[in-house]
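Heads up, the thing below is written out as structure tokens.
The values are calculated or read from the model by the stated rules, or taken from the named source; none is laboratory data. Computed from a prediction, not measured in an experiment: that's the story for all the values here. Ideal geometry is used to build each Cβ from the backbone, glycine not excepted, and the neighbour counts take in all protein chains shown. To get the accessible areas, we keep the full protein, side chains included, count just its heavy atoms, and leave off ligands, DNA and RNA. Shrake-Rupley method; radii C 1.70, N 1.55, O 1.52, S 1.80 Å.
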Amino acid sequence: MNFCQIDELVSKVGLFDFILADLGVSSMQIDNPERGFTYKSDGPLDLRLNPTVGLSAAERLKTISRDELEGMLIENSDEPYAGEISKQIVNDLKRGMRIDTTLALLYEIDKALLRIKFPKDTRKDAVKKSAARVFQALRIDINREYEALYDFMEKLPNALVSSGRVAILTFHSGEDRIVKGAFKAFKRLGIYREISSEVIRPSREECYNNSRSHSTKLRWAIRA
């Protein structure tokens, strides 16, 4: 079930002594080209965590305005070239271009960044990083991930026993801001007795052994 439904689980099994929330997407989903989570191989531009619910990313792009897309890229992934990318995508869709595969979206991002003057031999890497951020932003939007996280953070204190503990793993700045903000707000209200003062990051050795851990941040809190 979606973790924002934790209150429903509590009503069945009772309060928790400890909760570990891993907000990452399953590597099996990312690595499956049929799910559309990666631009490294071609596949349908889907990006839904549950492919039977809601609009696919390709369908979402057909209904979005340039301003809305630019705002999504900034809010969901801090994309520095959000203006250029949103303009390219929306203009090409209006011209009748199909953007319904992962490589078609990558092509649009590559075209958008042609106007940017990058330092020598850095353009390829810049396109790769922007592509990762654009795919992330779309995935967050169509799966309503931030809405689910806000709900979860609000319900979380009522899922813990007194002195119960929670630890949350986030994988990008948007998630971390929500978790950090909620922990601080509930600490001021006296709902949490203690929260992590600094974010905990993986070691260099862990990042070497598991490259997908490099962006991970961990924060914790203790219920009053």
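The numbered conditions (1) outside any loop (DSSP other than H, G, I, E, B); (2) farther than 30 Å from Arg219 by Cβ are all true for Glu75 except (2).
For the range 2-39, a residue qualifies if it is free of Cβ contacts under 8 Å to residues at least 12 places away in the same chain and either at positive phi or basic (Lys, Arg) (or both), and the qualifying residues are Lys12, Gly14.
Filtering the range 62-74 to residues that are within 16 Å of the chain's Cα centre (by Cα) and within 29 Å of Met1 (Cβ to Cβ) leaves only Met72.
Among Arg212, Arg165, Arg219, Arg193, which is of a type in the set (D, E, K, R), touching a residue at least 60 places away in the same chain (Cβ under 8 Å) and assigned to a strand (DSSP E or B)? Can you show your working first?
Numbers: Arg212 fails: assigned to a strand (DSSP E or B); Arg219 fails: touching a residue at least 60 places away in the same chain (Cβ under 8 Å); Arg193 fails: touching a residue at least 60 places away in the same chain (Cβ under 8 Å).
That would be Arg165, the only listed residue that is of a type in the set (D, E, K, R), touching a residue at least 60 places away in the same chain (Cβ under 8 Å) and assigned to a strand (DSSP E or B).
Could you say whether any residue in the range 168-178 is over 23 Å from Ile200 (Cβ atoms), hydroxyl-bearing (Ser, Thr, Tyr), open to solvent by less than 60 Å² (accessible area, probe 1.4 Å) and at pLDDT below 95? No: the range 168-178 contains no residue that is over 23 Å from Ile200 (Cβ atoms), hydroxyl-bearing (Ser, Thr, Tyr), open to solvent by less than 60 Å² (accessible area, probe 1.4 Å) and at pLDDT below 95. Can you find, within the range 93-148, the residue that is nearest to Ser173 (Cα to Cα) among those that are among the hydroxyl-bearing types (Ser, Thr, Tyr) and surrounded by fewer than 19 Cβ atoms within 10 Å (Cβ to Cβ)? This residue is Tyr146.
Please go through the range 40-61 and pick out each residue that is within 24 Å of Leu169 (Cβ to Cβ) and either surrounded by 20 or more Cβ atoms within 10 Å (Cβ to Cβ) or under 17 Å from the mean Cα position of the chain (by Cα) (or both). Give the derivation first.
As a first pass, look at the range 40-61 and keep what is within 24 Å of Leu169 (Cβ to Cβ): 40, 47-50.
Those that are within 24 Å of Leu169 (Cβ to Cβ) and either surrounded by 20 or more Cβ atoms within 10 Å (Cβ to Cβ) or under 17 Å from the mean Cα position of the chain (by Cα) (or both): Leu47, Arg48, Leu49, Asn50.
Taking the conditions (1) modelled with pLDDT of 95 or more; (2) not in a helix (DSSP H, G or I) in turn, Phe152 satisfies each one other than (2). If you go through the range 4-38 and keep only what is open to solvent by 80 Å² or more (accessible area, probe 1.4 Å) and outside any loop (DSSP other than H, G, I, E, B), you end up with Glu8, Ser11, Lys12, Val13, Asp17, Phe18, Leu20, Asp22, Met28, Glu34. If I filter the range 52-60 for residues that are part of a loop (DSSP other than H, G, I, E, B), among the hydroxyl-bearing types (Ser, Thr, Tyr) and within 22 Å of Met1 (Cα to Cα), do I get at least one hit? Looking for residues that are part of a loop (DSSP other than H, G, I, E, B), among the hydroxyl-bearing types (Ser, Thr, Tyr) and within 22 Å of Met1 (Cα to Cα), one finds at least one in the range 52-60, hence yes. Taking every residue in the range 72-85 that is under 14 Å from His172 (Cβ atoms) and free of Cβ contacts under 8 Å to residues at least 40 places away in the same chain and pairing it with any residue that is assigned to a helix (DSSP H, G or I) and among the small types (Gly, Ala, Ser), at least 6 positions away or on another chain, the pairs with Cβ-Cβ distances below 8 Å are Ile74/Ala82.
Looking only at the range 8-27, residues that are acidic (Asp, Glu) and under 23 Å from the mean Cα position of the chain (by Cα) come to 1 in all. Filter the range 149-164 down to the residues that are surrounded by 16 or more Cβ atoms within 10 Å (Cβ to Cβ) and among the acidic types (Asp, Glu) and list them by number. Within the range 149-164, Asp151 is the sole residue that qualifies.
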